[in-house]
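Nothing in this text is a laboratory measurement; each read-out follows from the coordinates by a stated rule. Being a predicted model, the structure only gives us computed values, none of them experimental. Using ideal geometry, Cβ is built from the backbone for each residue, glycine included, and neighbour counts are taken over all protein chains shown.
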Amino acid sequence: MRLVIMGPPGAGKGTQAAKIVEKYNVPHISTGDIFRQNLKKNTPLGLKAKEYMDKGLLVPDEVVVAIVKDRIMQEDCKDGFLLDGFPRTAPQANALDEVLEEMDARLDKVINIDVAKDVLIERAVGRRVCKNCGATYHVKYNPPGREGACDVCSGEIIQRDDDKKETVVKRIEVYLEQTQPLIQYYKDKGLLANINGQQEIEKVFDDITQSIGREI
Ligand code: AP5
Ligand code: MG
Ligand code: ZN
């Protein structure tokens, strides 16, 4: 199954992606996670991405497209994948169409998580992540069982550098300008499943699996 999950910063893409890949057994490809992993290892890619991420801006299309193209052509993606945070611009969406065509494959569903702007800011600013495994928490809505330690791996829980309020506001602005138009693009292709993201995490997940199940 080939899926895309999209939505504004803090909508819950990563949270739902973790559950989707477990249920459907496909690799989770998050471009944001790829950049953060690279930064952790101080690679040139990580350092370049950081320049943009810290300002709340998008990493240039050619950089992101090359990475995703390379990733989805790997063996473990041959039966499917879940793209999280890609595509984010019209050129990225076109590039994805081209790669899929080369692979003689097509997307099954594009899940759009819909959340109001004021809720997004609260979610992103209150988010905490595991430094070790990347598991996502929220100080109020989804705290770890033991304060400061990851439920999955006991790793240290930290705040993302781009989750400061000013940066989150900028990320939302960039989303509205460059990424939101893709909703119509996928609606026109008949691939869009619009999901209400302002519900309990489990209820959002139920709606997602139902929307996938209806047509696959
Ligand atoms: P990326 O890492 O993709 O960040 P993002 O799109 O801004 O989205 P987030 O990860 O912030 O939010 P999310 O939707 O995953 O929400 P989450 O599940 O964590 O990208 C970061 C940066 O990398 C970009 O700004 C850009 O610079 C660069 N980049 C990445 N991809 C790129 C691309 N394709 N092109 C160019 N540049 C790119 O949830 C948020 C919080 O809410 C958590 O605390 C969670 O616990 C909580 N929560 C989740 N669901 C619920 C719920 N239902 N109820 C209550 N709380 C909830
Ligand atoms: Mg995410
Ligand atoms: Zn962890």
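Taking the DSSP bridge list for the chain and keeping only pairs wholly inside it, about 35 percent are antiparallel. Taking every C-alpha pair closer than 8 Å and separated by at least 6 residues, the mean separation divided by the residue count of the chain gives a relative contact order of 29 percent.
Note on Glu156, Glu147: ascending count of other Cβ atoms within 10 Å places them as Glu147, Glu156, the fewest first.
Straight-line reach from Lys41: taking Cα to Cα under 25 Å and skipping same-chain neighbours fewer than 8 places apart, the lysines in range are Lys13, Lys50, Lys55, Lys69, Lys131, Lys164.
Here's the picture: charge each Lys and Arg Cβ at +1 and each Asp and Glu Cβ at -1 in region 1-76, and of Ser30, Met1, Leu45 the one pushed furthest to the positive end of that dipole is Ser30. Hydrodynamic estimate: the Kirkwood radius of the chain over Cα pairs, inserted into Stokes-Einstein at 20 °C and 1.002 mPa s, corresponds to D of 121 µm²/s. What the Cβ-Cβ distance of Lys23 and Ser211 gives, at R0 = 22 Å and to the nearest 0.05, is a FRET efficiency of 0.95.
GluC sites (Glu not before Pro) within region 168-216: which are DSSP loop residues with at most 13 other Cβ atoms inside 10 Å?
Values: sites: Glu173, Glu177, Glu200, Glu202, Glu215; in loops: Glu200.
Loop-located and lightly packed - Glu200.
On the beta carbon distance between Asp97 and Ala149, with R0 = 41 Å, the FRET formula returns roughly 0.45.
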